[in-house]
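Report on one structure; see the data block that follows.
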Amino acid sequence: MACRTERAKGTLVRVVRTPAGIITLDPTGRMPGRGAYLCADDACIRLALRRSALERALGAALSPELRSRLEQGVSAVLQGGRDGA
Ligand SMILES: [Zn+2]
């Protein structure tokens, strides 16, 4: 996990690199591809952005759309991908 903090599974956000090489949120936890986890926590998400933890874990770049959504914090992240992030 990006912050190396152990947390219960229900409090994690899965981010996945799809087979097409796109990093996206995975609210269902079932998308195929290489996954990385963040705590469902504003501080953890922002720390991961500052450290480029997702890019390093997944080996691909975040889209500007996904980055801006992550920067809005956990409530935006957990809205569920309806806007295509
Ligand atoms: Zn964390």
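Odds and ends about this structure:
- Whichever residue in the range 18-49 is free of Cβ contacts under 8 Å to residues at least 24 places away in the same chain and assigned to a helix (DSSP H, G or I) and, among such residues, is nearest to the ligand (Cβ to nearest atom): 43
- For the range 2-17, filtering for residues that are more than 11 Å from the ligand (Cβ to nearest atom), under 20 Å from residue 76 (Cβ atoms) and at pLDDT 85 or above leaves 3.
The values are calculated or read from the model by the stated rules, or taken from the named source; none is laboratory data. As the structure is a computational prediction, the values presented were derived from the model and not from experiment. Cβ atoms come from the backbone with ideal geometry, glycine included; neighbour counts cover every protein chain shown.
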